[in-house]
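Accompanying notes for the structure given below.
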Amino acid sequence: MASQKSTATDLAANSDSGTGRAPKRARGRQRVAALLDAATLVFAEKGYDAATMTEIASRSNTAIGSLYRFFPSKEALAEALLRRYGERAGAGLDAIAAQARDLTAGELADALLDLMMALKSERTALKVLMDARVDGDNRRQYLRGVIRGRLAGVLSAHAPSLSADRAAIVSVMLLHLMKAIPELAQEGEAAALIAEMRLVLGAYLAVAVTAG
């Protein structure tokens, strides 16, 4: 099994370089982060085709020239968002795996749910960007496979006696449950539904890790 430190790299793999000048100073890195945050919102709201670089620059209070200096095209900006999602998801899974052995099933469920909630805006944009790509299906399949593998690693850290086959099956179920979280967060009774999902995840994990 790959080391936990490789997670972010694995999740961000298969990406084109596609970016312009990399920021070297803290101010530049903050500007790039603001641009990516704005792009996440615009892509999620407008879709890939309708999103414009002008609106993304405006939303981030950035001059259009600065946007193009860091991201020479909308494609490059979209690719950077895909990479950032991989990096953030990987870092989140790494952090959970590092403490998984000391967590109860309920606490592990909370950690996984909180990670998905933190990434929910990016996941909405991710879906839009994947749908717009010619290789979107391949990228989805790749990301699912990597995330399932990392979830299996989290489960193995949480319950060392769990067999590899059982961890693989449970990771698939967890991934499907977790994918529903951003959608529940958009419902009218979002808070109540998220609370129910915490119960579902906790109850499932409590049983699943003892059944293998």
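The values are calculated or read from the model by the stated rules, or taken from the named source; none is laboratory data. Bear in mind the structure is a predicted one, so any value in this text is a computation, not a measurement. All Cβ positions, glycine included, derive from the backbone under ideal geometry; neighbour counts span all protein chains shown.
Every residue in segment 109-133 that is loosely packed, with under 15 Cβ neighbours inside 10 Å and either outside any helix (DSSP H, G or I) or small (Gly, Ala, Ser) (or both), please.
Ala118
Of all residues being of a type outside the set (A, V, I, L, M, F, W, C) and surrounded by 15 or more Cβ atoms within 10 Å (Cβ to Cβ) in segment 88-103, which is modelled with the highest pLDDT? Just the residue, please. Quick ask: steps written out before the conclusion?
At the first step, the residues of segment 88-103 found to be of a type outside the set (A, V, I, L, M, F, W, C) are 88, 90, 92, 94, 99, 101-102.
Now drop any that are not surrounded by 15 or more Cβ atoms within 10 Å (Cβ to Cβ), which leaves 88, 90, 92, 94.
Numbers: Arg88: 89, Gly90: 85, Gly92: 93, Asp94: 90.
Out of the qualifying residues, it is Gly92.
Here is a list: Glu107, Glu75. Which entry is farther than 20 Å from Lys179 by Cβ and either modelled with pLDDT of 95 or more or in contact with a Lys or Arg (Cβ under 8 Å, 6 or more places away or on another chain) (or both)?
Checking each option against the conditions leaves just Glu107.
Assuming Gly106 fulfils every condition listed in (1) closer than 30 Å to Ala192 by Cβ; (2) without any contact (Cβ under 8 Å) to a residue 24 or more places away in the chain; (3) surrounded by fewer than 16 Cβ atoms within 10 Å (Cβ to Cβ) apart from one, which condition is it?
(2)
Hey, can you tell me all the residues within segment 62-107 that are assigned to a helix (DSSP H, G or I) and of a type in the set (Phe, Trp, Tyr)?
Tyr68, Phe70, Tyr85
Of all residues in segment 192-212, which are small (Gly, Ala, Ser) and assigned to a helix (DSSP H, G or I)?
Within segment 192-212, Ala192, Ala195, Gly202, Ala203, Ala206, Ala208 meet the criteria.
Of all residues in segment 180-191 being in contact (Cβ under 8 Å) with a residue 60 or more places away in the chain and in a helix (DSSP H, G or I), which is surrounded by the most Cβ atoms within 10 Å (Cβ to Cβ)? Lay out the reasoning, then the answer.
Within segment 180-191, the subset in contact (Cβ under 8 Å) with a residue 60 or more places away in the chain is 181-182, 185.
Those still in the list that are in a helix (DSSP H, G or I) too: 181-182.
On the way: Ile181: 22, Pro182: 18.
Across segment 180-191, the extreme among qualifying residues is Ile181.
Name the residue, out of Leu162, Leu143, Leu184, Leu175, that is touching a Ser or Thr at 6+ places or on another chain (Cβ under 9 Å) and under 24 Å from Ala91 (Cα atoms).
Leu162
So for segment 62-85 (the condition being among the β-branched types (Val, Ile, Thr), crowded, with 17+ Cβ neighbours inside 10 Å and in the same structural domain as Val154 (by TED's automatic domain parsing)), does at least one residue qualify?
Within segment 62-85, not a single residue is among the β-branched types (Val, Ile, Thr), crowded, with 17+ Cβ neighbours inside 10 Å and in the same structural domain as Val154 (by TED's automatic domain parsing).
If a residue has to be outside any helix (DSSP H, G or I), among the aliphatic types (A, V, I, L, M) and either at pLDDT 90 or above or closer than 16 Å to Ile96 by Cα (or both) to count, how many in segment 134-179 make the cut?
The number of residues fulfilling the criteria is 2.
What are the residues in segment 46-77 that are farther than 20 Å from Arg25 by Cα, touching a residue at least 24 places away in the same chain (Cβ under 8 Å) and small (Gly, Ala, Ser), if any?
Matches in segment 46-77: Gly47, Ser73, Ala76.
Mind listing whichever residues of segment 47-58 are surrounded by fewer than 17 Cβ atoms within 10 Å (Cβ to Cβ) and farther than 16 Å from Arg133 by Cα?
Thr52, Thr54, Glu55, Ser58
How about segment 52-63: which of its residues are at pLDDT 95 or above, among the hydrophobic types (A, V, I, L, M, F, W, C) and more than 10 Å from Ala34 (Cα to Cα)?
Met53 - this is the single residue of segment 52-63 that is at pLDDT 95 or above, among the hydrophobic types (A, V, I, L, M, F, W, C) and more than 10 Å from Ala34 (Cα to Cα).
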